[in-house]
Amino acid sequence: MQAISDIRCFVLDMDGTIYLGKDLFPCTKPFLAAVERTGRKYYFFTNNSSKSQQVYLDRLARYGIPVTREQMMTSSHVIMDYLREKHPGEGIYLVGTPALWNEFSKAGMPLTDEHPSIVILGFDTTLTYEKLERACYFLRHGCTYYAINQDWNCPIEGGEFIPDCGSMAKLIEASTGRKPEFFGKPTRHTMDYIVRHTGCRPEEIAVVGDRLYTDIAVTQGTGAKSILVLTGETKREDVEKSSVQPDIIVESLADITGSLLQADG
């Protein structure tokens, strides 16, 4: 796997890539150890905007994987970086969970229920009709409109799914005719964020994940590599039917581990 030897930084999806449901894959820790042993870096990235960064840090710690805050990236951080640069000080009406509100508040984002300039839609598992009504009102009156992640559904235990941020955006679109600009995977906003925060060139970065339309699509046209693992949502037959094609397909992280150790002797 020659392409692996050029990679200096791995950005890992979580569910379906390093664990499935509540179970950590046996290949995860040996892979992370091999990344460190060969002088490379790894980060984690989740599109889930309903939970805080700390939730994921705590979960990784329970698995015996201590990471710094800088190593745990979320779609929420992508949009907050953008807001600091493009909309400093502008009032935000945020449709999101208490955890997301807390993330924005801690980051100094000016949240308001009255006369905002911007409406931001997150994956809100506490969504109410009142929130929808206010968001639609503000959008009809000209507010800028952003949404954090465009996933249609979020997988849950038992192989079931619940509506995610992309589905909620469709509901608002049906009422207002407004479509948001999205920020999580697979948008270019996310890859730009990854490049800035890892300090690596796109050609040195590999995004590893189990979803074609987010994890793999985010690298398209950027110079970064995509590695599809078959431990989660996508199966080989799905790749054959998809317009989004990964650079590398592996059964699991174990295949990358072997290639790393072989490439570095």
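The values are calculated or read from the model by the stated rules, or taken from the named source; none is laboratory data. Remember, it's a predicted structure, so these values are computed and weren't measured experimentally. In this analysis, Cβ positions are derived from the backbone assuming ideal geometry, glycine residues included, and neighbour counts consider all displayed protein chains.
Number of residues in the stretch 140-171 that are in a loop (DSSP other than H, G, I, E, B) and more than 23 Å from Leu212 (Cβ to Cβ): the value is 3. Being over 18 Å from Ile7 (Cα atoms), of a type outside the set (S, T, N, Q) and part of a loop (DSSP other than H, G, I, E, B) is the filter here; which residues of the stretch 215-251 pass it? Those that are over 18 Å from Ile7 (Cα atoms), of a type outside the set (S, T, N, Q) and part of a loop (DSSP other than H, G, I, E, B): Leu230, Gly232, Glu233, Lys235, Val244, Glu251. Residue-level analysis places Ala174 outside the set of residues that are of a type outside the set (Ser, Thr, Tyr), buried (at least 21 other Cβ atoms within 10 Å of the Cβ) and either assigned by TED's automatic domain parsing to the domain that holds Gly16 or assigned to a helix (DSSP H, G or I) (or both).
For Ala217, the criteria (1) surrounded by 18 or more Cβ atoms within 10 Å (Cβ to Cβ); (2) touching a Leu at 6+ places or on another chain (Cβ under 9 Å) hold in every case but one, which is (2).
Considering (1) assigned to a helix (DSSP H, G or I); (2) within 21 Å of the chain's Cα centre (by Cα), the lone condition that Gly258 does not fulfil carries the number (2). Residues that are crowded, with 16+ Cβ neighbours inside 10 Å and more than 15 Å from Thr176 (Cα to Cα) within the stretch 126-148 comprise Leu127, Ile148, listed in sequence order. Within the stretch 172-221, the set of residues being free of Cβ contacts under 8 Å to residues at least 12 places away in the same chain, over 15 Å from Phe45 (Cβ atoms) and not small (Gly, Ala, Ser) comprises Glu173 only. Of all residues in the stretch 199-226, those that are among the acidic types (Asp, Glu) and either farther than 21 Å from Gly39 by Cα or touching a Pro at 6+ places or on another chain (Cβ under 8 Å) (or both) total 2. The set of residues from the stretch 117-139 being part of a helix (DSSP H, G or I) and either within 20 Å of Asn153 (Cβ to Cβ) or not hydrophobic (A, V, I, L, M, F, W, C) (or both) comprises Tyr129, Glu130, Lys131, Leu132, Glu133, Arg134, Tyr137.
Residues that are touching a residue at least 60 places away in the same chain (Cβ under 8 Å) and of a type outside the set (D, E, K, R) number at least 1 in the following helices (runs of 4 or more DSSP H) confined to the stretch 1-116: 28-37, 75-86. In the condition set (1) at pLDDT 95 or above; (2) under 23 Å from Gly96 (Cβ atoms), Phe31 is compliant with all but (2). Among the conditions (1) surrounded by 19 or more Cβ atoms within 10 Å (Cβ to Cβ); (2) closer than 18 Å to Tyr146 by Cα; (3) not assigned by TED's automatic domain parsing to the domain that holds Met168, the only one that Asp81 does not satisfy is (1).
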